[in-house]
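Each value in this text was obtained by applying a stated rule to the coordinates, not by laboratory testing. Please read these numbers as outputs of a predicted model, since none were measured by experiment. Using ideal geometry, Cβ is built from the backbone for each residue, glycine included, and neighbour counts are taken over all protein chains shown.
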Amino acid sequence: MNSTLCTICMRGGSQSIKNKNLKLMNGKPLMYYTIKQAIKSKIFDKIVFSTDSKQIFKYAKTYGADGWFLRPKKLSYNSSSKVAAIRHILIEAEKHYDKKFNFIMDLDVTSPLRKVKDIINAYKIFIKKKADFLISGTRSKYNPYFNIFEIVNKRVKKVKIIKKKIIRRQEAPKTYNANASIYIWKRKNLVKSVIEPYTAFSKWNVIFYVMPESRSIDIDSKLDFELVEFLLKKRKKW
């Protein structure tokens, strides 16, 4: 029987917004939305959070997520790998519950606009496709074949160049942005591989779960925070 672990990572430090995970959004700490979405989905055997902050630890427990350890300092720097932190949760959870989890889904606290149905549908697709890894995202507003540029040797050039002449953005190949909302791994791919998610595409069976732009804002600035807060306030259902 398959067993699925939900991981939620929340560092105490934040470069863009101070105490971001605890910052109130419509009267609730930002973390509240992701924890409650995970619980409402009813697809997880366990929901475990990881943090280096005693204050975050206290609040996360009250909202229904499991936690019994503080994240090691070596996994809590701005430069630390999030995937390494997720692996650490998995190892701790399997020791704590004395069981192995077949699948691991990570939900990012900075993307609370996802809906419960996104969590459920992404999981169903992952299982159906027998994928190694799933990543969520949305259609790109800007396209590297059309209106994204780089400067090389002081000259401006398009990031992606193809033989076909493209006059309108709609004629360019479709591209997508990751939205930092949902990630799913098979256990063996998370535990045994040192591959980070964005370099796994050529080696694993990777699938993409497409979400609308309206549910794909990853909070990385004060403006993002205000916009997400406004959109969540308008929403009647998750």
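Could you tell me the relative contact order of the chain? Use alpha-carbon pairs under 8 Å, at least six residues apart, and round to a whole percent. Result for the chain is 24 percent.
By its C-alpha gyration tensor, with a ≥ b ≥ c as the square roots of the eigenvalues, how is region 1-114 shaped: rounded for a/c under 1.5, else prolate for a/b larger than b/c, else oblate?
oblate
For the chain, a Gaussian network of Cα nodes joined below 10 Å ranks Ser81, Ser202, Ser111 by mean-square fluctuation, and the top entry is Ser202. Full extension of the chain segment joining Phe230 with Tyr142 gains 29.3 nm, where the gain is 0.36 nm per residue of separation less the Cα-Cα distance.
Assuming a ≥ b ≥ c are the square roots of the Cα gyration tensor eigenvalues, decide whether region 67-107 counts as rounded (a/c under 1.5), prolate (otherwise, with a/b larger than b/c) or oblate. Note, shape of region 67-107 comes out oblate. For region 35-71, the list of trypsin sites (Lys or Arg not before Pro) that fall in a loop by DSSP and count at most 12 other C-beta atoms within 10 angstrom reads Lys42. Helix check for the chain. Which DSSP H runs span at least 24 Å along their own axis by Cα, with a mean Kyte-Doolittle hydropathy no less than -1.0? Helices passing the filter in the chain: none found. Specify whether the C-alpha gyration tensor of region 92-238 places it in the rounded, prolate or oblate class, a ≥ b ≥ c being the square roots of the eigenvalues: rounded for a/c under 1.5, otherwise prolate if a/b is larger than b/c and oblate if not. Oblate is the answer for region 92-238, as a/c is 1.5 or above yet b/c matches or exceeds a/b. In a DSSP loop and with at most 14 other Cβ atoms within 10 Å, there are no GluC sites (Glu not before Pro) in region 70-160. Between Ile217, Ile56, Ile167, the Gaussian network model of the chain with springs among Cα atoms under 10 angstrom shows the greatest mean-square fluctuation at Ile167. Taking Lys157, Lys129, Lys73 in turn, the Gaussian network model of the chain (Cα-Cα springs below 10 Å) assigns the largest fluctuation to Lys157. Shown here for region 95-135: chymotrypsin sites (Phe, Trp or Tyr not before Pro) in loop regions (DSSP other than H, G, I, E, B) with at most 10 other Cβ atoms within 10 Å, of which there are none.
Entry note, the chain: the mean residue ellipticity at 222 nm calculated from DSSP H runs of n ≥ 4, each adding -39500 (n - 2.57), is -9000 deg cm²/dmol after division by the residues and rounding to the nearest 500.
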